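Worksheet for the structure shown next.
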Amino acid sequence: MIRIIIGGDVCPMGRIQNAFVKGNAEEIFHDLLKEIANADLSVVNLECPLISQATPITKAGPILGSSIKCVEGFAAAKWNVLNLANNHSYDHGASGLRETLGAIKTAGLNAVGAGLNIEEAQIPYITQIKDKRIIIYSMAEREFSFADEDTPGANPLDLINFAHAIRKYKQQGTFIMLIHGGKEYYPYPSPEMVKRCRFMIDMGADAVVCCHTHCPLPWELYAGKPIVYGLGNLVFEAARKQLDTWYKGYLACLTFDDGNVGFEAIPYYQSQTCLGAQKMDKVAQENFFAEMQRKSTQMTNRNFLHYQWLKYCRQQKEMYLSGLFAYNRPMYKLRKILLPLFHSEEALLGALLMVQCETHREILDTIFRDKRQEE
């Protein structure tokens, strides 16, 4: 039997950074260290560049970065592969990503999901374990980090490129798909995320594991293969108080034995009652599994998922439309009045057309990216 451990978002910033720099794995991962050490392969998401100096890019959203010496903490904990396909891998530009890749290599570890161009970013991590070849392929939703022909960054989430990859590599062995995506803090996968992950299983993936949402999401067995919709944070201190779900997560333990794929969740608390991540006690585990089981059962009802998503999107409506129409801060505070006053039904339909139609969306994407490259 082959045992593979996959961990969620690790951002070695704040109080925990010193433990990473010193390589004090016990202070970071506590009793999870045994789970990592007992795995035949361990993969974790590195949620920020490891740098010697800050070279932040211009972007929307937070810019993360930590000391290049933090790689010592990952090495000491015996993680084998650091996943860089995420929305922060390019936060310090090409130089930051190069430093990160160099530090990982120097520490004797492996990287996947990012590179100095799209061709490099699309290269999977492949290894031989016992008599089986394992392929780890990783993609991230498109924010400000994705690579193209001339720009370093993460491997962008693209179903056409995924189809090419699985056709090319699946015949070589077991194909594990990693996705960095989903809506932060939303406790269910969106209907489109479910559709996308199930398609990947239908195409031949042996498991699909997602992270990014900063809260644990449920999992399911689909066609006999595990789909994990959100691992939650593994080690990620919050700059301000967050929802309780920020401080909970689980390791995904995948097992492969005679063609059968198994899955086990290993739940923990992180960055709340202690530094780093530590397994939940028995009572907390029971409550955690009961909650995940409830959500997994709810997910079997397609109407439930669509209703929950629609309800959530209606709650976010004004914020998203304000962002789409580029309201400044004073205008944003008056958005309830300004949105219907300044934007007619015809204007809203025009905006819908631009974001809904593939060609119009491609035009907008090209215009904005071209404008950004000019600056």
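Figure legend. Inter-residue proximity from the stretch 182-200: first residues assigned by TED's automatic domain parsing to the domain that holds Gln293 and closer than 14 Å to Tyr307 by Cβ, second residues loosely packed, with under 14 Cβ neighbours inside 10 Å and of a type in the set (D, E, K, R), beta-carbon distance below 8 Å, spacing 6+ or different chains. Indicated pairs: Pro191/Arg302. Just one of (1) under 23 Å from the mean Cα position of the chain (by Cα); (2) not charged (D, E, K, R); (3) not assigned by TED's automatic domain parsing to the domain that holds Ala77 fails for Ser322. It is (1).
For the residues Tyr327, Tyr312, Tyr307, the requirement of being in a loop (DSSP other than H, G, I, E, B), surrounded by 11 or more Cβ atoms within 10 Å (Cβ to Cβ) and out of contact with any strand residue (DSSP E or B) (no Cβ under 6 Å at 6 or more places or on another chain) singles out Tyr327. Scanning the stretch 176-193 turns up no residue that is more than 25 Å from Thr300 (Cβ to Cβ) and either among the aliphatic types (A, V, I, L, M) or surrounded by fewer than 23 Cβ atoms within 10 Å (Cβ to Cβ) (or both).
Being of a type outside the set (Ser, Thr, Tyr), surrounded by fewer than 18 Cβ atoms within 10 Å (Cβ to Cβ), under 21 Å from the mean Cα position of the chain (by Cα) and under 25 Å from Tyr137 (Cβ atoms) is a property that does not hold for Ala77.
Is one or more of the residues making up the stretch 206-229 surrounded by fewer than 24 Cβ atoms within 10 Å (Cβ to Cβ) and assigned to a helix (DSSP H, G or I)? No, the stretch 206-229 has no match at all. Among residues of the stretch 249-260 being surrounded by fewer than 21 Cβ atoms within 10 Å (Cβ to Cβ) and modelled with pLDDT of 95 or more, the one that is farthest from His30 (Cα to Cα) is Thr255. Under the condition of being of a type outside the set (A, V, I, L, M), in a helix (DSSP H, G or I) and touching a residue at least 40 places away in the same chain (Cβ under 8 Å), the residues counted in the stretch 96-151 number 4.
The values are calculated or read from the model by the stated rules, or taken from the named source; none is laboratory data. None of these values were measured; they are calculated from a predicted model. So basically every Cβ, Gly included, is an ideal-geometry build from the backbone, and we count neighbours across all protein chains shown.
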